[in-house]
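What follows is calculated from the coordinates using simple rules that are stated; it is not laboratory data. Just so we're clear, the structure is a prediction, and the values are computed from it rather than from any experiment. Neighbour counts run over all protein chains shown; Cβ positions are idealised from the backbone, glycine included.
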């Protein structure tokens, strides 16, 4: 998939980000994706790769937002009001920004914002701002890291593959709750099963 994005430059970065982020609750780190794509697209300005990834991710999450908004409107039509919407109106923009700019899962924030009837344009601007911040930073880190590793090792393709693999592993580790995994591994087999 990364090769597809590399072959089509900015458009490939945008489309890959769009498609990956359409999968709810399972999208990888967009900062890592932007870093990997910046490493594979050395001729493209790093900021533009980051913006392409951020825009693709934002449009995908806007689709999640819109679908949950339709679900919220359906529930309201059935007499189930939008009580949570009052508090979200005040803090929704900050929540959307934080969901986009931090490694916390964003769907548990995006979906309630949509269902509560939060403003679509406020959501889009707040979410895009957070995602652009983290993706542009990721693109610069990935682009310069691959350049430095390439200078040390000599072969740019080997260095790129090594960096991308390391970033993907790091991203997976950040998504996993290692404390739960370790506590389950330490627990004797007969205790507290499922």
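When 122, 46, 131 are arranged by Cβ crowding within 10 Å, least crowded first, meaning fewest neighbours, the order is 122, 46, 131. Among 53, 141, 110, sorting on how many other beta-carbon atoms sit within 10 Å of each Cβ, with the fewest leading, yields 141, 110, 53.
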